[in-house]
Amino acid sequence: MTLQMPSAIEPLELADEERAAKLRELLDSGPLPMIQKSIDAFRRDLPELLRTHPGKWVAYHGDERVGFGKTETELYQRCFARGLTRDDFVVGFTEPGAFDPDEEFEVTYRDV
């Protein structure tokens with residue numbers, strides 16, 4: 001008589017492998033299109049921002065400048081109140097070198 005163990009663990013392992021594959025794909029693909037567009041707009045406007053709003057937080061949704069704030073949290077709340085998701089905007093601090101192309105970005109939230 002041969003005992004066979006139930007394969008209840010396989011779906012979990014498969015799900016973990018699928019999540020890991022999706023995460024690798026996301027990390028290899030670079031920023032999401034709207035995030036990249038927002039970063040590009042911030043970089044484009046940075047010289048002006050350094051003259052007009054140095055040391056302030058600013059949010060971008062694509063090419064649209066959502067606004068300025070005293071804190072990063074204030075701008076996150078403003079963007080979320082507009083119905084934007086975390087993948088729709090960036091918040092940056094107006095300082096020389098902000099969003100430098102060689103800067104590494106930390107992914108703090110992602111649906112995987």
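Rule-based calculations on the coordinates, nothing more; no lab input. These numbers come from a predicted model, not from an experiment. Heads up, the Cβs are rebuilt from the backbone with ideal geometry, glycines too, and the neighbour counts pull from every protein chain shown.
Quick check: pseudo-label points 7 Å beyond the Cα along Cα→Cβ at Arg24 and His53, how many nm apart are they? So the two model labels end up 4.1 nm from each other. Using the Cβ of Thr71 as centre and a radius below 13 Å, the other residues enclosed give a net charge of +1, where K and R count +1 and D and E count -1. Normalised by 2.2 N^0.38 Å, where N is the number of residues, the alpha-carbon radius of gyration of segment 31-93 equals 1.01. The calculated FRET efficiency for the pair Arg44 and Asp16, based on their C-beta separation and a Förster distance of 30 Å, comes to about 0.15.
Residues in segment 49-55 carry Karplus couplings, in order, of 4, 5, 7, 9, 9, x, x Hz; the curve used is 6.51 cos²θ - 1.76 cosθ + 1.60 with θ = phi - 60°, and Gly or Pro positions show x.
Stretched out straight at 0.36 nm per residue, the stretch from Gln77 to Asp100 would grow longer than its current Cα-Cα span by 5.8 nm.
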